[in-house]
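Worksheet for the structure shown next.
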Amino acid sequence: MTVTPLPLTPEPSVPLTLVDALPPSRGAYAPVLRRLGFAFSADGGYAACLATTGDSGWYPESWWLGGGLRQGAGRAADGGAAGGWAADGGAADGWAMPGGAAAEGIARAGGAGGATGGTGGDGLAAAVPVPLVLGAGSGPESLRSQLVSLQDGRVLICRHQQDRQELVVRSGHARPSGPPDPSGGGTGPGDGPGVGVYERSVGTLRMPGLRLLALPATGPGAPVAVAVGTDARPVTTVWLISADGAAPQLVAEFPGPAGGGVWLDRGGRMLALDHVRQGAAGPVVKTVVLDLATGTMSPLLELAPDSNDRLVLADPGSGLIIVRSDAAGQDRLGWGVLGGDQPLRFPDCLHQPQRFLRPVAIEPPADPATPAAELRVAFQGDWGASSSLSVWRPAEARCEPLPVPAGRLGGVAHWSAGGLRLPYSAPDHPAGMATIDVDRLRDNPPDVRPAPTMPLRLAPLQGGSAGYNSLLRRIPKGGTVRELRPSRPGWRLDGSATPTEGGRWHPARTVDLLGAAGRMEAVVYGGDSWLSAQHLVIALHGGPADAWRMEFDPPLQRMAAEGLSVVAPNQRGSSGYGAEHAQALQDAWGGPDLDDVLALLSSVSGQRVALGLEPASLFGVSYGGFLALLAACTSPALVARCAVVAPFLSGARLLQEATEEVRSLTARLGGGQEPADGRGPRDVLRMCHLLTAPLLVVHGDRDEVVPVGQSRTLRQELLRMGRAEGTDFRYVEATGGGHEVLAEECGPVLHELLATFLRTGRAA
């Protein structure tokens, strides 16, 4: 793709405003506000994820899921379970968790993170998070790091380093007295009392892409994971990874890229992979089986020559498999039995076009002789901002929904005798681990309460650019809504942080709004009267192929705590609403999505002006910052204030300055093309003379996705035009900040800065 060079203003020569005075870190035992990348160990006894307290950077966290805890004589620290809970097999006054972490670490992690420890009145065993943080001087993890939870509580980490992948194992060791044994050469202990955290290198693989899968059966000295890698060649290589320092062992190499990964046996020999090959009409995906003992590959699924056929879940004991195929012309889920004489079946109940069903776990049978058709499968359903959960038996003709609370599930799960475990988050519940007793939850229907009605003061008005009926597609009138209490039988959530100092997390709900071309879902903070709040913010997500979800979001929580109502729309281009909605921005960045934002601004600000209130303000991150700046320049009278984080100026300018990886993605999505709608260039630098609203720009000076030069150029252009820094706009550059600057150490400072600006128009 050829890009015409665009004029760039020289970088500023005057000093920049820096965020360099940060509060002291609260450490790994502060409440965790975000968790990502959950992975379960093969036996379900542990899980791992990336976690952050909001000012600590990202670090690995190991979750103990090993079953019941017994009550000891000690007392848990920092608000942990009353009476103290000890891991099975530990001493009450000096206990250790299987796999590594000491009891004080358990108690503190449980207290700070919200885990209650042990089994509660719901009878469900606790899930206990333990931070694995190295000592002073160690850097945070990248969001690109992959984690594999091992069956002894250790965490295998794969770190992407340009053209290579660094593999390390991080572990926590109890140290009741004296120095801990580093077990073979670690980098040193962490600062957590009672827990020594160590890390050791286990190999380097020189390839740009790598996927790790935990082996289902391991023993002393045996490999613990499989690595499936790709490089510049059209070849896939497969390696066995050990945790004791032995070099990665190459076991197979075959042409064509491969992904996925489902085990077909309990011994870790037969691995099903999604293999991409060339079909008559283009690339297709077929599931193949790789024998790790011999390195040979054989076909498994091929329903039609040009269909995409994938194995997505399997139970090695019964042979039950869940597959996904478009052989019938539509993407459908089906089931079968390995080695059986019956063909695959594709039940209608698993075909739900308005919900993406994802099989996440198969219930282990109490009797190993249970037929495959009698096993229950848990399905996560995603459409829009929220998730649902249902169970299904192949022998039955329907999916049975489970009454889980509104929120977002994590896309992975493990079902054992201790219950169905899966990550969960909601706007007023930071991510934690949910444990579900499916039968008890199903047998106890949720409470109901009257659905909220719209206050009379928000009835449609005469005047203004739009009435309320043009803003909302539907207004709830009577009826009921589900309400699931955290203590409900059959449902338990561990590790979800509670606010400090008597505060509270603010809830949100979804509302249907009207964009330029129809329905547009939004996540809304501010209750029934959000439209008439004194200050209202329209928040625009990044991506562009991303979306706002019904999950905890620290910046939006901070805005809500400042008394701001927030509307976070999923305009065209957002993911989760089908292919047509998501692909609307192909070759049209700042086109259909800008139309939707401008339509929403017109409705919201017009109605607010009619009520005697100020117009809405705009907030955007990354692509959302680009979109917010375009909207503020296009309709300046409808915007009270505009705050953007890590914005770029145009797709074409991003193609000039970004890394090769970002340029490739931008070109593939057509970001360098101007939308053919006659509105003119989508270049903030060429439009910023139209901006009248007070502006706040925040950027990390080490942003690896959107170069900081994009914001520096905007600042310099505003100065050249005579705009006064500190009055008309403010530019804040976070020293050492990356693209996820709002989730890094300076995050809390920036959250407060943004909320204050959006409420007052002043950045301090």
Problem - From L718, L754, L714, L742, residue being without any contact (Cβ under 8 Å) to a residue 60 or more places away in the chain and not acidic (D, E) - result: L718
Handout entry: Single condition R519 does not satisfy, out of (1) part of a strand (DSSP E or B); (2) open to solvent by less than 40 Å² (accessible area, probe 1.4 Å); (3) not small (G, A, S)
Key = (2)
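Residue-by-condition table, conditions (1) acidic (D, E); (2) in a loop (DSSP other than H, G, I, E, B); (3) at pLDDT below 90:
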| site | (1), (2), (3) |
| --- | --- |
| F379 | no, no, no |
| D382 | yes, no, no |
| S387 | no, no, no |
| D439 | yes, no, no |
| P460 | no, yes, yes |
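Within region 376-395, count every residue that is open to solvent by less than 20 Å² (accessible area, probe 1.4 Å) and of a type in the set (S, T, N, Q).
Counting residues in region 376-395 that are open to solvent by less than 20 Å² (accessible area, probe 1.4 Å) and of a type in the set (S, T, N, Q) gives 3.
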Completion exercise
Those residues of region 585-603 which are farther than 30 Å from R668 by Cβ and crowded, with 24+ Cβ neighbours inside 10 Å amount to S603
Practice task
Search region 741-764 for residues being modelled with pLDDT under 90 and charged (D, E, K, R), and hand back the single one that is farthest from V705 (Cα to Cα).
Solution key: R762
Completion exercise
Per the filter on region 717-764, residues charged (D, E, K, R) and either out of contact with any Ser or Thr (no Cβ under 6 Å at 6 or more places or on another chain) or not in a helix (DSSP H, G or I) (or both) are R720, R723, E725, D728, R730, E733, E740, E744, E745, E752, R759, R762
Problem - Selection within region 658-690 - basic (K, R), modelled with pLDDT of 90 or more and either open to solvent by 60 Å² or more (accessible area, probe 1.4 Å) or not in a loop (DSSP other than H, G, I, E, B) (or both) - result: R663, R668, R686
Practice task
Would you check which residues across region 523-537 are under 25 Å from the mean Cα position of the chain (by Cα) and either crowded, with 24+ Cβ neighbours inside 10 Å or of a type in the set (D, E) (or both) and list them?
Solution key: V523, Y525, V537
Practice task
Identify the residue in region 396-418 that is open to solvent by 60 Å² or more (accessible area, probe 1.4 Å) and among the hydrophobic types (A, V, I, L, M, F, W, C) and, among all such residues, is farthest from G336 (Cα to Cα).
Solution key: A406
Handout entry: Condition met for A560 (surrounded by fewer than 20 Cβ atoms within 10 Å (Cβ to Cβ) and either in a helix (DSSP H, G or I) or without any contact (Cβ under 8 Å) to a residue 60 or more places away in the chain (or both))
Key = no
Problem - Residues of region 696-711 satisfying the condition of being among the polar types (S, T, N, Q) and modelled with pLDDT under 95 - result: none
Exercise for the section: Mind checking which strands (runs of 3 or more DSSP E) fall wholly inside region 277-327 and carry at least 1 residues that are within 31 Å of the chain's Cα centre (by Cα)? Expected result: 282-291, 309-314, 320-325
Fill in the blank from the handout: Inside region 395-424, the number of residues satisfying the requirement of being within 13 Å of I362 (Cα to Cα) and modelled with pLDDT of 95 or more is 7
Handout entry: Any chance M721 is within 21 Å of L618 (Cβ to Cβ), aliphatic (A, V, I, L, M), touching a His at 6+ places or on another chain (Cβ under 7 Å) and surrounded by fewer than 20 Cβ atoms within 10 Å (Cβ to Cβ)
Key = yes
Problem - Filter result (under 26 Å from S496 (Cα atoms) and either in a loop (DSSP other than H, G, I, E, B) or open to solvent by 10 Å² or more (accessible area, probe 1.4 Å) (or both)) within region 149-169 - result: L150, Q151, D152, G153, R154
Fill in the blank from the handout: Out of (1) modelled with pLDDT of 95 or more; (2) touching a helix residue (DSSP H, G or I) at 6+ places or on another chain (Cβ under 9 Å); (3) over 17 Å from H506 (Cα atoms), the one S575 does not meet is (1)
Fill in the blank from the handout: Within region 244-257, the residues that are open to solvent by less than 20 Å² (accessible area, probe 1.4 Å) and in contact with a Lys or Arg (Cβ under 9 Å, 6 or more places away or on another chain) are G256
Practice task
Of the conditions (1) under 20 Å from the mean Cα position of the chain (by Cα); (2) at pLDDT below 95, N570 clears all except one; give me its number.
Solution key: (2)
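Condition check ((1) surrounded by fewer than 23 Cβ atoms within 10 Å (Cβ to Cβ); (2) at pLDDT 90 or above; (3) not hydroxyl-bearing (S, T, Y)) across all residues:
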residue: L36; (1), (2), (3): yes, yes, yes
residue: S41; (1), (2), (3): no, yes, no
residue: G74; (1), (2), (3): yes, no, yes
residue: D78; (1), (2), (3): yes, no, yes
Completion exercise
When (1) in a helix (DSSP H, G or I); (2) modelled with pLDDT of 95 or more; (3) closer than 30 Å to T756 by Cβ are applied to D595, the one that fails is (3)
Completion exercise
Considering residues that are in contact with a helix residue (DSSP H, G or I) (Cβ under 9 Å, 6 or more places away or on another chain), closer than 27 Å to L750 by Cα and among the small types (G, A, S), the number found within region 581-624 is 5
Fill in the blank from the handout: P129 vs (1) part of a strand (DSSP E or B); (2) at pLDDT below 90: all pass except (2)
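The values are calculated or read from the model by the stated rules, or taken from the named source; none is laboratory data. Because the structure is a prediction, the values reported are computed rather than measured. Here the Cβ is made from the backbone with ideal geometry for all residues, glycine too, and neighbour counts use every protein chain on show. Each accessible area value is taken on the protein alone, full model and side chains, heavy atoms only, with ligands, DNA and RNA left out. Shrake-Rupley method; radii C 1.70, N 1.55, O 1.52, S 1.80 Å.
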